[in-house]
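The values are calculated or read from the model by the stated rules, or taken from the named source; none is laboratory data. What you see is a predicted model; the values in this text were computed from it and never measured. Methodologically, a virtual Cβ is constructed for each residue, glycine included, from the backbone with ideal geometry; neighbour enumeration extends over all protein chains shown. Keep in mind that these areas ignore ligands, DNA and RNA; they rest on the heavy atoms of the full protein, side chains included. Shrake-Rupley method; radii C 1.70, N 1.55, O 1.52, S 1.80 Å.
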Amino acid sequence: MSMAFQLCVGLSLAQQTSQFTQYHLNYFGLNPAAAGSLRCYEAKIGTRSQWVGFEGAPKTSFVSVNGAIPRKKRPWIRSKHAVGFMAEIDQTGSNGPIRTTTLSLAYAYHVPIRGDVFFSAGIFAGVKQWTVAMDQFEVFQLGDPVLQRGSNSAIIYPDFNPGLMLYSDKYYVGLSIKQIWRNDLTKVVGSGDSRLKWHYIATGGYRLDNGLSPYSFIPSVNIKYAASTFPGVDLNFMMNYNRQWDLGVSYRVVEGFCAYTSYTIRSINIGYSFDYTLSKIRFGSANTHEIILTWRRCPKSNTEEKDMLRCPAWR
């Protein structure tokens with residue numbers, strides 16, 4: 001059995017990007033530099049239903065794959081290239097008035113700094129489809145020319161999201177920026193200031209263990225910020241058993257409590273989280289559910305590479 005305890009603090013206004021309670025299971029979705037950071041190839045699928053029962057509540061679903069490009073020759077070269085793909089749908093309700101579909105390809109390059117410490121830089125490049133059904137909004141004052149436009153949909157491109165990451169088996173620190181191109185949504189919502197905002201995401205964590213106990217402790221922090229908003233900060237503390245089973249609790253300031261668990265069986269990991277809302281939104285709905293399923297395929301290590309990594313001079 002493994003346990004994880006997570007303390008998260010968050011407050012955000014006018015956020016234009018999706019959010020996940022189990023961001024530690026979906027870090028590639030936050031930062032393209034994470035592509036290929038593990039030796040294993042990963043495929044993920046996840047869904048989040050926020051404020052269940054609340055009319056027009058947000059729903060987010062995604063699917064992603066990523067991994068390092070195998071190097072068949074010259075195994076002593078430890079730098080590596082990695083690629084990935086991510087598709088995400090973020091919408092208000094099952095058939096709500098606002099829907100965003102994102103398709104992105106990822107590339108990352110990793111270079112060794114010393115020993116098992118690596119630095120990577122990556123980028124997501126893709127397109128977004130924004131759909132706004134103006135006729136589905138309920139208004140108190142009729143005659144607004146913007147709301148009379150009906151349903152509008154547009155392909156927004158290009159969509160670039162760069163990221164940087166420093167990591168090892170013990171720790172990681174990363175920074176990424178969403179919507180760096182600041183696309184204009186005039187075709188969707190009409191006139192006015194309709195350019196997307198930059199969203200900064202800074203994340204870091206450290207694994208505490210003595211190498212003898214099956215338990216490890218991983219404090220981490222995730223900071224999200226967009227211009228003209230309050231920053232959202234997640235402070236997390238996880239306890240893990242044998243890198244197989246996690247169980248955690250969270251507190252998100254103003255918003256509520258969270259709890260999650262994840263378990264790994266061979267190449268499959270499944271994570272589930274539950275959020276209980278404490279803000280005034282609880283009078284409409286207090287519950288949020290999130291599920292992330294991961295499949296990993298880990299290639300066997302090259303014998304020559306293993307021998308070199310055992311050598312103190314090489315490390």
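Here are the numbers for the structure shown:
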read-out	value
Condition broken by residue 63, with the remaining ones in (1) modelled with pLDDT under 90; (2) part of a strand (DSSP E or B); (3) surrounded by fewer than 19 Cβ atoms within 10 Å (Cβ to Cβ) satisfied	(1)
Checking residue 39 against (1) touching a Cys at 6+ places or on another chain (Cβ under 9 Å); (2) open to solvent by less than 70 Å² (accessible area, probe 1.4 Å), the condition it does not meet	(2)
Residue in segment 198-217 that is surrounded by 16 or more Cβ atoms within 10 Å (Cβ to Cβ), in contact with a Gly (Cβ under 9 Å, 6 or more places away or on another chain) and touching a residue at least 60 places away in the same chain (Cβ under 8 Å) present	yes
Residues of segment 159-189 classified as aliphatic (A, V, I, L, M), open to solvent by less than 60 Å² (accessible area, probe 1.4 Å) and more than 15 Å from residue 29 (Cβ to Cβ), total	4
Answer from 55, 88 - the residue that is open to solvent by 20 Å² or more (accessible area, probe 1.4 Å), of a type in the set (Asp, Glu) and outside any strand (DSSP E or B)	55
First in segment 225-243 and more than 19 Å from residue 205 (Cα to Cα), second anywhere and part of a strand (DSSP E or B), Cβ under 6 Å, 6 or more apart	226/199
Unmet criterion (only one of (1) assigned to a loop (DSSP other than H, G, I, E, B); (2) open to solvent by 60 Å² or more (accessible area, probe 1.4 Å); (3) over 21 Å from residue 290 (Cα atoms); (4) touching a residue at least 24 places away in the same chain (Cβ under 8 Å)) for residue 155	(1)
Residues satisfying the stated conditions in segment 91-129, i.e. of a type in the set (Phe, Trp, Tyr) and either open to solvent by less than 30 Å² (accessible area, probe 1.4 Å) or assigned to a loop (DSSP other than H, G, I, E, B) (or both)	118, 124
